[in-house]
Structures are given as C-alpha cells and as structure tokens.
C-alpha cells in the first residue's frame, strides 16, 4: 500500500472520529449553553433582588431620618427641590430594577413579582407624598411616612427575603446542574480523546517504517532552510510522495537563494537612495533656516526714552516664534508672535505676519486695524488650520503705552507698586473671520518695564511634566535683571528636560523723556533708516 492510500485510509478514520467528536461537542455545548443560561438568569435575578433590597432599605432610612428631623425641629423644613428630585430618581431606579427582575423571572414567579411591583408602587406613592408635604404640611408628611412604614417593613422583611431565598435555591440547583454537565462533558471528551490517541498510535506504528526516516530528513532540511542555510539540499531520491516533496523543497530553496540575492541588491540600492534623500533634505532645511534667520534679523535701535533687549531660543532649526522692533514717527512698536505648530509651515506664516504688521505700522494704521487685517487675510485663505497669538506694544516718548493682545501670553508690567499683567482679551489671529479687536492704553513712569514672552516660557516643562507657569514668570520678571533671570530660571526649572517649544523674551524699559529733545535728530535718522528696510521675520538671538 502506498503512502497515499495509507494516508487516505487514516484520513477516513480521522474523519469518523472527528464526526463523533463534533457530535459530542455539539450536544455537550448545547447542554452547557442551556445550563449556563439558566444559571446566568438565576444569578442576575439574585443580584437584582439584593440591589432592590439595598435601595429600598436606603430609601426607607432616608425617609425615616427626614421624618425624625421634621418632628424634632418643630419648625417646618424648607423644601429642597434637588433632594426631592434625587429621591424620585432613586424610586424610578428601583421601579426599573423590579421591571428587569420581572423580565428575567420564570412563569411561576409572575405572581410574586407582580405583588412586589404593586406593594412598591404603593410605597413609592406614600414616599412621594411625604416629600411633597415635607416643609409645607408637616402633619401630612408624617402621616405619609407612617403609612409607608408598614409597606417598607413588609417589603424588607417578607417579600424580598422570600424571593431571595427562592433565588438562592434556584442558584444551588443551577450550579448542581452545571456541575453535572461539566462532569459529563469531561467524560465524553476523555473517551473521544483516548480513542483518537489510540488510533494515532496505531497509525504511527504502521506508517513509521516507511515515512519516519523521510519526514526526519525533511524536518532537518526544513530547519536548515528556515535558518537561511539556502545552500542545503534534501537528500531524498525516492519516487514516492516523499521524494516529490523533497524535490519541491529543493526547488523552493534555489528560488529563495536567488530572491535573497536580488533583495540584498535592492536593499543596498534603497539605502543609498535614502541616504541621498536625507542629505538633500538636510541641506534644504539648513538653507531654509539660514534664509529665515536672515529675514528675521532684528536690529534694535538706540532710543533716548527706552531700552529694549530681546532673544529667541528656537527648539528646532525653523520655528514659528518671532519678535520685531519697529521705530515709529512718534515712539516705537514692539511685536511678539507665536504661530501654532513648528517647522517650515509655521515659519512661512510667521514671515508673512511680520511683513504685514511692519507694513501696517509704517502706514500708521491703528493697532486694532492691524490685527484685524491680519485676521481677515488668514481666515480668507486655507492655511491648514494655522493660527497665531500676537501682542503689539506701542510706546511713545512721553510714556504713553498702547497695546493689543490677541490670545498671547499676557506681558508682565513691573512698576514701583508691583507686578501687573497686560491682557486685552482678544482672540488669536486666524481662527474666525469678522472678529473685532480692541487695544488698551496705559501710562508708564520712568524706570517701569515690560517683559513679553511666548508660551514656550510659561509652558516649559520638567521631566515630570510640571510647567514653569505664570507665577514663576512673574517672580523672575520682578528680579533686578528680568531679561536674563527669565532664561536662567527656565533653565534651572527644566533641568535635563529637552526644550519642546520656541522661547522668546523681549524686555522694554521706559527710561525718561527728558533726553528726547537733545536726541530728536538721531532718533529721526534711526526711524528713516529702519523704516526703509524690507519687512523682516524673526531673530535668533539679539541683545
């Protein structure tokens, strides 16, 4: 008998055993499902009864406590609609639980469950009347509570315990039935397994002489081929099925060896191209960063009435933070902006914003109009959900301060009387069209200063995700040298945590207007020279 016929015969026997096993499994599974369903329904009913009993007991205690309080105080309590609403919600919950219990109950339990529903409905009606009269008609409230006491006592001591005892008996019966089904299933499974095991042993003995050696050689060859020893060939030269299988393995090995060679060459080529792409991208990114640094190179003018210091510390090569200092015909404007996101897209939007704001300032537009036009420009175009927070501060030689804050971190104003925050409660630019923006004016005294930062300062975090926050910012801004102190405290606070956002700090100190006349000519020259420069976008670090 050939191996094929032997295997066919063995397969037929296996099918018979499989059919028997399947029939036994189907029968036992059906019996198991029926028993499990009965046990599950019984356990659900027991849980529902325990829950109902506990809820009724809680409600009864609540009514008793309120009734005693009503009698003890002598003065009607003020009704609490919220308490009454919560009480009625609990009554409704118990009613729903009883309805669920009725759905799960057996036909013979319908009468008992119906009686439970009727009694609880009467009890709930009395309790509702108690709450309605509570604080309004004390005598009626106490009477309603007294009427409800026998009903609740009967439910808690008679109906529910009786139903729970019956359910406990059903649980015990269901568990016993389930245990019997498990025992029977184990016996039938064991018998089927033993029969299959005996047949498998017989097949192994009969076929071992002819195929064990061949399969051993196939297994050894498969292990070697699986370990990528593709030079190995299975040495079975017989003309039977094992020989054909060995030939197929050897053919497969030859093809795998050829495919591995081709794949190695392709991977080498792919790695080479990936390296070229990385180098090209790195070069383009470096070029873009160089262009951005050049566009955002801010030259801070020497002003007779104020001194300005600014610095930007980016977290990536290209970012969305920028600041700018724009000399005006009368005074100076300081801009600080934070575009959402990072990378090239944020840098493009930052460059456009800087150019628009500088142009509008040169055109002497009011600060609210400047941010309004910027908002319209970006909301009327698809900018992939980008938006920006902006704060523009305009300081005149006499100390007059006007600022507009569009969702930006409120600047810190340090005066002789303490620390204040400047926030005009305007929304960010680029979120919604047709928004109205407003500016606020204030008067600075000589020696007072303003510290402007981006959220990269206040949201700087430690390794434990604790943020620097506004309180630490105000504390640092109150130092003798707030400009350097902010950076120093952020560095100490974050420790070894990496920087996750651009950090920009600008400090404006109002000196005095006494030197304005003596330096008017130089200030005018500075304005003309700077105003003619093209709009820039951002500086990496300027002090």
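The mean sequence distance of close C-alpha pairs (under 8 Å, at least 6 residues apart), as a share of the length of the range 3-196, puts its relative contact order at 37 percent.
Treating r as the C-beta distance of residue 147 and residue 16 and R0 as 56 Å, the FRET efficiency rounds to 0.15. Its Kirkwood hydrodynamic radius, worked out from the mean inverse distance over all distinct Cα pairs, puts the range 3-196 at 20.7 Å.
Residue-normalised convex hull volume from the C-alpha trace of the range 93-148: 54 Å³ per residue.
What are the equivalent ellipsoid semi-axes of the range 374-480, built from the alpha-carbon gyration tensor (square roots of five times its eigenvalues), in whole angstrom, biggest first? Before the final figure, lay out each step's value.
Numbers: eigenvalues 144, 95, 15 Å².
Equivalent ellipsoid of the range 374-480: 27, 22, 9 Å, largest first.
Points 7 angstrom from Cα along the Cβ direction at residue 122 and residue 379: gap in nanometres? In this crude label model, residue 122 to residue 379 measures out at 6.7 nm. For the chain, the longest principal axis of the alpha carbon atoms and the long axis of helix 482-494 meet at an angle near 20°.
Of all alpha-carbon pairs in the range 301-402, indicate the percentage at a distance above 17 angstrom. Mind showing how you got there, number by number?
On the way: 2741 of 5151 pairs.
In whole percent, the share of Cα-Cα pairs in the range 301-402 beyond 17 Å is 53.
Sorted by mean Cβ packing within 10 Å, highest first, what order do the peptides 470-478, 342-350, 390-398 take?
Ranked by mean Cβ neighbours within 10 Å, highest first: 390-398, 342-350, 470-478.
Taking Cα atoms only, the orientation of helix 138-154 departs from the longest principal axis of the chain by about 40 degrees. Among 203, 490, the ranking by other beta carbons within 10 Å of each residue's beta carbon, starting with the fewest, stands as 203, 490.
Classify the chain as rounded, prolate or oblate, taking a ≥ b ≥ c as the square roots of the eigenvalues of its Cα gyration tensor: rounded when a/c is under 1.5, otherwise prolate if a/b is larger than b/c and oblate if not. Oblate, because a/c is 1.5 or more while a/b does not exceed b/c.
Which FRET efficiency value, to the nearest 0.05, is calculated for residue 492 and residue 512 with the Förster distance at 30 angstrom and r the Cβ-Cβ distance? Efficiency, from the Cβ-Cβ distance: 0.30.
Here residue 31 and residue 57 are evaluated by their C-beta separation; at R0 = 41 Å the FRET efficiency comes out at 0.55. Expressed in Å, the radius of gyration and Dmax of the Cα atoms of the range 310-358 are 11.7, 36. Taking the helices alone, the chain has a mean residue ellipticity at 222 nm of -21500 deg cm²/dmol, built from -39,500 (n - 2.57) per DSSP H run of at least 4 residues and averaged over all its residues. Label-to-label distance, residue 24 versus residue 359, with points set 7 angstrom from Cα along the beta-carbon direction: 8.7 nm. Computed extension length for residue 222-residue 175: 11.8 nm, one decimal, from 0.36 nm per residue of separation with the Cα-Cα distance subtracted. All distinct Cα pairs of the range 299-542 go into the 1/r average, and the inverse of that average, the Kirkwood radius, is 18.2 Å. When the alpha-carbon atoms of the range 4-62 are used, the pair Rg, Dmax equals 24.8, 82 angstrom.
Test of understanding: ordering 315, 494 by Cβ neighbours within 10 Å, fewest first, what list do you get?
Values: 315 14, 494 18.
Lowest count first: 315, 494.
Computed from Cα positions, the angle between helix 367-379 and the longest principal axis of the chain comes to roughly 40 degrees.
A short reminder: the numbers here are calculations on the coordinates, not readings from a lab. What you are looking at is a predicted structure, and each value in this text was computed from that prediction instead of being measured. Note that we place each Cβ from the backbone using ideal geometry, even for glycine, and neighbour counts take in every protein chain shown.
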